[in-house]
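**Q** Input: one structure, supplied below.
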Amino acid sequence: YPLCALAVSDERPVSTQSTWGSSYDKMLNKSPWCSSLFGSTAVCCACNTTVKDGNLTLAWYHDGKPNIFGPGLHNLVYLYDDRRTISAASDHIEHGPLFIITVPQGMLGYGVEKGVPILLSPGRHKIVSYEFIWRRNIDLKDTEIKIGQWTLVRVDFGRVGVATLAGKMSILRPGLHMFEPPDVFLRFVNTRLQILQLPECVQESSDYVPLVVKANISYFVKDPLMLIQRVQDQQAALVITEVSSAAIAAIIRSSTLGRSSETAKAHRG
């Protein structure tokens, strides 16, 4: 689903693509220069911290800045405090103002910064912000999702959404859409071809011959706005059933059984 459907402004949620690069070296802090001096171990074996493959080490530099180091040998004893090791596969890594967040496919990440919701697309994200607050991952299996005062609506292919935007009724095309009051999402409208089975009934021809009528009607919605405006409760199937049944009854009542048989023979011939 295209994230471009989400509005981006000072008042609307901001959508963010994955920021994590393919190389860990570019996304993590560089090891202190003395870690590799003369082969690293020549300096001081006790000074080196070993970070195993698949792990990350979180540490605070003496100036109060957070650092994250990847696998390898790092000299962290004298200038780095509060060291701890975590799995690099963790979906949520928080180290002071530094966040590494992984959003699975089929979900959106949800956080807040300065009161504005931040939506993260699937992938891994590195965020550095003292004002960012991580909330949760949002499962896009749901078609309507509440995000604070906002509502996230997912419109699938084969249908459209109907909403009031700035006081006017509007159509929402397939994708992701975000609303905040006073805008209101109303409902979905199926735009695929649909087949409606009419109830079986008995109608009399013009020569008073009772006929059992079975029929199916195929239809699709061409103008969703007109449907909503004219059929307030969206009971399109009921309206189509009533109109179609009345039309079939009128056709049968204006025909004789003999004329119907001749017409059928002519078609077969």
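The values are calculated or read from the model by the stated rules, or taken from the named source; none is laboratory data. Just so you know, these numbers come straight off a predicted model, no measurement behind them. A quick note on method: Cβ atoms are made from the backbone with ideal geometry, for glycine too, and the neighbour counts reach across all protein chains shown. We work out accessible area using only protein heavy atoms, side chains counted, and drop any ligands, DNA or RNA first. Shrake-Rupley method; radii C 1.70, N 1.55, O 1.52, S 1.80 Å.
**Q** Out of all the residues in the range 52-72, is one or more aliphatic (A, V, I, L, M), open to solvent by 30 Å² or more (accessible area, probe 1.4 Å) and modelled with pLDDT of 70 or more? Talk me through it step by step, then tell me what you get.
**A** Pass one, the range 52-72, residues aliphatic (A, V, I, L, M): 56, 58-59, 68.
After this cut, where a residue has to be open to solvent by 30 Å² or more (accessible area, probe 1.4 Å) as well, the list is none.
Within the range 52-72, none of the residues are aliphatic (A, V, I, L, M), open to solvent by 30 Å² or more (accessible area, probe 1.4 Å) and modelled with pLDDT of 70 or more.
**Q** Then there is this: Considering only the range 165-185, I want to know if a residue exists there that is among the basic types (Lys, Arg) and closer than 23 Å to THR102 by Cα.
**A** no
**Q** Which of the residues belonging to the range 210-223 are surrounded by 13 or more Cβ atoms within 10 Å (Cβ to Cβ) and either under 18 Å from LEU196 (Cα atoms) or among the acidic types (Asp, Glu) (or both)?
**A** Passing the criteria: VAL213, ALA215, ILE217, TYR219, VAL221.
**Q** If a residue must be in contact (Cβ under 8 Å) with a residue 40 or more places away in the chain and in a helix (DSSP H, G or I), how many such residues does the range 208-246 contain?
**A** Residues in the range 208-246 being in contact (Cβ under 8 Å) with a residue 40 or more places away in the chain and in a helix (DSSP H, G or I): 9 in total.
**Q** Among what's in the range 153-176 and is open to solvent by less than 30 Å² (accessible area, probe 1.4 Å) and in contact (Cβ under 8 Å) with a residue 60 or more places away in the chain, pick the residue that is nearest to ILE118 (Cα to Cα).
**A** LEU176
**Q** Turning to a different aspect of this structure: Looking only at the range 98-118, count every residue that is assigned to a strand (DSSP E or B) and farther than 25 Å from ASN67 by Cα and tell me the total.
**A** Matching residues across the range 98-118 total 4.
**Q** Could I ask something else about it? For the range 133-152, give me the residue count where each residue is surrounded by 19 or more Cβ atoms within 10 Å (Cβ to Cβ) and of a type in the set (D, E, K, R).
**A** 0
**Q** Looking for something under 26 Å from ARG187 (Cβ atoms), small (Gly, Ala, Ser) and modelled with pLDDT of 80 or more - is there at least one such residue anywhere in the range 199-220?
**A** yes
**Q** Among the residues of the range 108-132 satisfying the criterion of being open to solvent by 20 Å² or more (accessible area, probe 1.4 Å) and touching an Asp or Glu at 6+ places or on another chain (Cβ under 6 Å), which is farthest from SER90 (Cα to Cα)?
**A** So, considering only residues that are open to solvent by 20 Å² or more (accessible area, probe 1.4 Å) and touching an Asp or Glu at 6+ places or on another chain (Cβ under 6 Å), the one farthest from SER90 (Cα to Cα) is LYS114.
**Q** Taking ARG192 as meeting all but one of (1) under 30 Å from PRO122 (Cβ atoms); (2) assigned to a strand (DSSP E or B); (3) open to solvent by 50 Å² or more (accessible area, probe 1.4 Å), write down the number of the exception.
**A** (2)
**Q** Failed condition for GLU204, given (1) of a type in the set (Asp, Glu); (2) free of Cβ contacts under 8 Å to residues at least 24 places away in the same chain; (3) open to solvent by 90 Å² or more (accessible area, probe 1.4 Å), with all others met?
**A** Checking GLU204 against (1) of a type in the set (Asp, Glu); (2) free of Cβ contacts under 8 Å to residues at least 24 places away in the same chain; (3) open to solvent by 90 Å² or more (accessible area, probe 1.4 Å), the one that fails is (2).
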